Amino acid sequence: MKLLKWFSFRGKGDKSIARKQQFIAQKISRRYCFSAVSFFALQSVVALLGSLDLVIPDLPSPIPFEFGRAIHLGLADLWPLIGTMGMVFFFTTAELNREIYSPRLARWQYWIVMLFSVSIFGTLALRIGNGREFLEGMPIFYVGICLALALASYNLIRTLLTDKRNITPASATMTVGIIFLFLLLLPNTITYRNPITDEVTKFWVVHLWEEMAFELTSAGFIATFYVVSGLAPRAQVEKWLYLEASMAVVGGFYGTGHHYYWIGFPAVWLAVGSLVSVVEVIPVGMLAIMTYKGLKSVKVRSNREKLTLWLLLSSVFYHLTGASLLGLFITIPWVNLYMHGTYVTSGHAHLALFGSLGFVVLAGCYYILSRGSEPTLKGYKRGVLAVCLLNGGLITMASALLVAGFMETYFWRILGMDFMEVRLLINPYLIMRVLGGAMFTLGNLLLSWRIFKAWQTTKYKK
Amino acid sequence: MKLRTFLILSILSFGLFVGVTLISARLPFPMTEQALAGKLVWQRHNCVSCHTLFGNGGYVGDDLTHVATKETPAYLINYLVQPPVMRPNKLAHHPALNEMDAVNLVHYLEFVQTIPTLGWPPQREKAEKDS
Ligand code: HEM
Ligand code: HEM
């Protein structure tokens with residue numbers, strides 16, 4: 001395999017610094033990314049079995065559907081989290097061009113987040129859980145995840161403070177993202193009597209992690225990647241980043257209102273949620289414009305960067321469509337009144353959570369794990385095939401869910417038909433979802449294999 | 001825009017948001033101990049994987065936010081203690097609860113339906129109009 005010279009991130013003013021050695025934090029970030037990709041592969045397999053369970057009557061299964069779904073949702077939060085931790089360490093050192101404050105803490109953090117994540121999945125498989133959607137594990141395990149996030153926040157803050165005059169917007173944005181991940185998970189480590197508080201704090205993870213904190217960490221990564229690959233000049237990226245980040249924060253927080261509509265909250269949230277949600281989509285538009293401009297002007301890239309770009313472009317696509325446009329549509333209170341709690345939500349959830357966040361994290365993980373190698377032409381083509389399968393699978397799956405959801409909306413919500421009758425009507429679409437899921441799983445395993453190969457070739461170097 | 005502005009904006013948004021959320025999350029009535037026990041039964045058995053409350057949860061079963069207005073407590077308890085076969089399965093039953101858990105759970109569902117949901121779900125109004 002052709003070995004390209006190490007290229008490093010350009011410092012301020014676009015000058016290239018050729019560097020021979022890798023920072024320790026960047027080495028450590030590899031294990032985060034590797035674990036994230038492994039969990040992702042596991043997730044598809046679990047999910048595919050779960051979706052089969054829904055369409056094959058009396059399918060025997062060692063783990064009942066209600067706990068299998070919990071594992072699927074737990075994985076959906078946790079693998080992007082683990083991958084993001086790795087990406088933030090990697091790209092922070094790259095941006096600042098120095099080591100993080102404590103690589104040792106970063107190593108500890110890895111073992112802590114892995115221990116508690118595996119504990120969550122293991123206990124759920126044994127049917128022990130706390131039954132709050134997306135956070136089904138026992139609360140004590142989320143204390144562990146919080147601990148890992150607290151360590152990450154401390155480490156990153158100390159890193160930035162070591163040289164206060166050289167804080168780049170991308171590194172600051174990523175750090176704030178990690179701090180928010182910590183602060184928003186914290187209320188989920190205790191139990192509440194009040195079921196409304198339960199719903200609310202859950203959405204601080206389901207909504208605010210995904211649509212705010214992860215937006216910040218991803219924005220930092222995308223900004224760094226665009227600068228490095230020449231897609232956008234550093235000055236331009238830095239000019240907009242804080243503005244984008246501020247909109248993501250304000251829009252993200254008050255946009256949570258769209259989850260507060262029907263859970264026992266005052267009606268004012270209908271207005272707040274729907275109006276502020278518009279702010280949420282502005283940064284996405286800015287990102288898309290920047291990408292478009294960059295792609296028009298820059299042509300030559302290595303295959304490694306191209307494959308990363310395919311993953312990133314997929315993300316930008318779903319960010320615009322499945323997350324923002326569809327999200328905005330179902331945010332309209334009159335629409336949400338009828339579509340809330342139908343498969344439409346599930347369609348949006350898959351398009352947005354995997355489509356926009358999952359693809360970004362995969363892009364970052366691939367980029368990090370393949371650093372120092374260049375895929376062969378065959379390897380690159382297989383990588384592209386994997387991305388196509390993932391996209392095809394996701395679109396098939398999500399379209400099936402959306403059709404099922406629209407049927408539920410019409411027959412169940414509007415006409416008032418019996419739930420179970422409608423459920424039998426939408427069965428063909430749930431079967432189509434399984435087919436989409438199978439295609440997705442295939443793409444997933446193929447991509448994971450490519451990433452694994454890249455990891456292997458770069459494992460012993462440096 | 002400067003880092004400082006971004007940080008101040010973030011902290012202010014966060015503080016204000018947490019404040020107004022907590023004020024909005026007040027319960028209309030206090031919850032009884034039995035309803036609380038029922039809430040824990042709901043959580044322990046992961047009912048949310050298949051059913052929604054307030055429309056949030058799984059899609060396999062019907063929404064249960066207002067089930068206590070549609071069915072009698074006796075029917076619900078019996079359903080949970082001696083669960084029927086679930087369509088379209090021929091063998092698999094709905095998960096079963098013991099009598100005490102079932103009673104507590106029904107108390108919880110009776111409590112949940114007192115939480116005002118601003119007219120959601122829409123078909124409930126229709127059902128009420130029909131009757
Ligand atoms: C990266 C971006 C996004 C991600 C990862 C994401 C993820 C999700 C997920 C996982 C759910 C399901 C929650 C549940 O099952 O309870 C959801 C629901 C929802 N999302 Fe998003 N979303 C994103 C962007 C957006 C945007 C930009 C909007 C609107 C402007 C939006 C509006 C909504 C609404 C209204 C719901 C609730 C649907 C219902 O009533 O059941 N989302 N989102
Ligand atoms: C092979 C691919 C996949 C299949 C077959 C699949 C299948 C499923 C199934 C069966 C459910 C439960 C729906 C129900 O209760 O009826 C579900 C829910 C969910 N899945 Fe997946 N899934 C896949 C991939 C993913 C990925 C990659 C992610 C994100 C990283 C994801 C995120 C979610 C979320 C957030 C929900 C909850 C949706 C909601 O409550 O609205 N899924 N999925």
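Observations on the structure shown:
- Residues of the range A:407-462 classified as touching a residue at least 24 places away in the same chain (Cβ under 8 Å), more than 27 Å from A:L385 (Cα to Cα) and either within 13 Å of ligand 2 (Cβ to nearest atom) or touching a helix residue (DSSP H, G or I) at 6+ places or on another chain (Cβ under 6 Å) (or both), total: 6
- Considering residues of the range A:37-82 that are more than 16 Å from ligand 1 (Cβ to nearest atom) and closer than 19 Å to A:S218 by Cβ only, the residue surrounded by the fewest Cβ atoms within 10 Å (Cβ to Cβ): A:F39
- Identity of the residue in the range B:23-63, among the basic types (K, R) and either assigned to a loop (DSSP other than H, G, I, E, B) or touching a residue at least 24 places away in the same chain (Cβ under 8 Å) (or both), that ends up farthest from A:G405 (Cα to Cα): B:R26
- Taking the criterion of being touching a helix residue (DSSP H, G or I) at 6+ places or on another chain (Cβ under 6 Å) and more than 7 Å from chain A (Cβ to nearest Cβ), the residues of the range B:25-52 that qualify are B:Q34, B:A35, B:A37, B:G38, B:V41.
- Here is the figure for the range B:52-72: residues that are in contact with an Asp or Glu (Cβ under 7 Å, 6 or more places away or on another chain) and on the phi < 0 side of the Ramachandran plot total 3.
- Neighbours by Cβ (under 9 Å, 6+ apart or cross-chain): first from the range A:199-216, among the basic types (K, R); second more than 15 Å from ligand 2 (Cβ to nearest atom): A:K202/A:N188
- Flag if A:E99 is over 30 Å from B:H45 (Cβ atoms) and either of a type in the set (F, W, Y) or part of a helix (DSSP H, G or I) (or both): no
- Subset tally (residues that are more than 14 Å from every other protein chain (Cβ to nearest Cβ) and at pLDDT below 95) for the range A:390-442: 0
- Residue within the range A:331-343 that is away from ligand 1 (no atom under 13 Å from the Cβ) and surrounded by 22 or more Cβ atoms within 10 Å (Cβ to Cβ) present: no
Every residue, every condition in (1) away from ligand 2 (no atom under 16 Å from the Cβ); (2) more than 10 Å from chain B (Cβ to nearest Cβ); (3) among the hydroxyl-bearing types (S, T, Y); (4) within 18 Å of B:V18 (Cα to Cα), yes or no:
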site	(1), (2), (3), (4)
A:S153	yes, yes, yes, no
A:A170	yes, yes, no, no
A:T189	yes, yes, yes, yes
A:E210	no, yes, no, yes
A:F214	no, yes, no, no
A:T217	no, yes, yes, no
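- Evaluating A:L389 against the criteria (1) more than 13 Å from ligand 2 (Cβ to nearest atom); (2) surrounded by fewer than 22 Cβ atoms within 10 Å (Cβ to Cβ); (3) among the aliphatic types (A, V, I, L, M); (4) within 24 Å of A:A41 (Cβ to Cβ) leaves one unmet condition, (1).
- The residue that is nearest to ligand 2 (Cβ to nearest atom), counting only those in the range A:124-140 that are under 18 Å from B:L40 (Cα atoms) and part of a helix (DSSP H, G or I), is A:L124.
Listed here are the residues, each with its yes/no results for (1) touching a helix residue (DSSP H, G or I) at 6+ places or on another chain (Cβ under 6 Å); (2) away from ligand 1 (no atom under 16 Å from the Cβ).
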residue: A:I190; (1), (2): no, yes
residue: A:F203; (1), (2): yes, no
residue: A:V206; (1), (2): no, no
residue: A:F214; (1), (2): yes, no
residue: A:F221; (1), (2): yes, no
residue: A:V228; (1), (2): no, yes
residue: A:R234; (1), (2): yes, yes
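- Given (1) at pLDDT below 95; (2) within 15 Å of ligand 1 (Cβ to nearest atom), index of the condition A:L357 fails: (1)
- Those residues of the range A:204-215 which are buried (at least 24 other Cβ atoms within 10 Å of the Cβ) and closer than 13 Å to A:L185 by Cβ, in sequence order: A:W204, A:L208, A:W209, A:M212, A:A213, A:F214
- Candidate set: the range B:58-85, residues that are hydrophobic (A, V, I, L, M, F, W, C) and closer than 24 Å to A:T345 by Cα; chosen: the one surrounded by the fewest Cβ atoms within 10 Å (Cβ to Cβ): B:V60
- Any chance B:V41 is within 30 Å of A:P60 (Cα to Cα), in contact with an Asp or Glu (Cβ under 6 Å, 6 or more places away or on another chain) and away from ligand 1 (no atom under 16 Å from the Cβ): yes
- Count of the range A:251-271 residues, restricted to those that are part of a helix (DSSP H, G or I) and either crowded, with 19+ Cβ neighbours inside 10 Å or not hydrophobic (A, V, I, L, M, F, W, C) (or both), is 11.
The values are calculated or read from the model by the stated rules, or taken from the named source; none is laboratory data. Keep in mind that what you see is a predicted model, and the values were worked out from it rather than measured. Don't worry about glycine lacking a Cβ; one is built from the backbone with ideal geometry, like all the others, and counts go over all protein chains shown.
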